[in-house]
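Okay, structure first, notes after.
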Amino acid sequence: MVSERSVKNTAGKNVHRRLGFTIFMDNVSRRIHPKTLREAFQEYGSVVDVYIAYGNAKRRNKPTVFAFVRFSNKFEAETTILKGN
């Protein structure tokens, strides 16, 4: 799933700043480092940032977590999904 993110300005109105297009990934190993995940996905495009949910309470005793990888444009995010499956 690819989603575009927008933010609210100080007046509370939505401002569509290009923050990127995000890919959600489930069942990511707890042992992976964000830098490693970023390097793996940079093969497909320009990675803006990576977030790995290590502290998720529901998965505290599980060997996997979920993660988000944000790309600078929608084409790169969609290409990643197609090539990654």
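The values are calculated or read from the model by the stated rules, or taken from the named source; none is laboratory data. Predicted model, so just to flag it, every value in this text is computed and none were measured. A quick note on method: Cβ atoms are made from the backbone with ideal geometry, for glycine too, and the neighbour counts reach across all protein chains shown.
Do we find that Val69 is assigned to a strand (DSSP E or B) and more than 19 Å from Asn27 (Cα to Cα) in this structure? Break it down stepwise before answering.
Values: assigned to a strand (DSSP E or B): yes; more than 19 Å from Asn27 (Cα to Cα): no.
Criteria not met by Val69.
State whether the residues of the range 54-65 include one that is over 11 Å from Thr22 (Cα atoms) and hydroxyl-bearing (Ser, Thr, Tyr). Talk me through it step by step, then tell me what you get.
Let us first name the residues in the range 54-65 that are over 11 Å from Thr22 (Cα atoms), namely 54-65.
In the following step, the residues that additionally are hydroxyl-bearing (Ser, Thr, Tyr) were identified as 54, 64.
Looking for residues that are over 11 Å from Thr22 (Cα atoms) and hydroxyl-bearing (Ser, Thr, Tyr), one finds at least one in the range 54-65, hence yes.
If you go through the range 3-59, how many residues are part of a helix (DSSP H, G or I), loosely packed, with under 10 Cβ neighbours inside 10 Å and either under 12 Å from the mean Cα position of the chain (by Cα) or modelled with pLDDT under 95 (or both)? Outline the logic, then answer.
First pass over the range 3-59, keeping only residues part of a helix (DSSP H, G or I): 34-41, 57-59.
Okay, now just the ones that are also loosely packed, with under 10 Cβ neighbours inside 10 Å, so 35, 57-58.
Remaining after also requiring either under 12 Å from the mean Cα position of the chain (by Cα) or modelled with pLDDT under 95 (or both): 57-58.
The qualifying residues number 2.
Under 9 Å by Cβ, and 6 or more places apart or on different chains, what pairs join a residue from the range 66-85 that is in contact (Cβ under 8 Å) with a residue 24 or more places away in the chain and over 9 Å from Thr22 (Cα atoms) with one that is surrounded by fewer than 16 Cβ atoms within 10 Å (Cβ to Cβ) and of a type in the set (Phe, Trp, Tyr)?
These pairs meet every condition: Phe66/Phe24; Ala67/Phe24; Ala67/Tyr51.
Can we say Ala77 is touching a helix residue (DSSP H, G or I) at 6+ places or on another chain (Cβ under 9 Å), surrounded by 14 or more Cβ atoms within 10 Å (Cβ to Cβ) and either at pLDDT 90 or above or not in a helix (DSSP H, G or I) (or both)? Walk me through how you get there before you give the answer.
On the way: touching a helix residue (DSSP H, G or I) at 6+ places or on another chain (Cβ under 9 Å): no; surrounded by 14 or more Cβ atoms within 10 Å (Cβ to Cβ): yes; either at pLDDT 90 or above or not in a helix (DSSP H, G or I) (or both): yes.
Spelling it out, it is not the case that Ala77 is touching a helix residue (DSSP H, G or I) at 6+ places or on another chain (Cβ under 9 Å), surrounded by 14 or more Cβ atoms within 10 Å (Cβ to Cβ) and either at pLDDT 90 or above or not in a helix (DSSP H, G or I) (or both).
For Arg70, which of the numbered conditions (1) touching a Ser or Thr at 6+ places or on another chain (Cβ under 8 Å); (2) modelled with pLDDT under 85 fails to hold?
Condition not satisfied by Arg70: (2).
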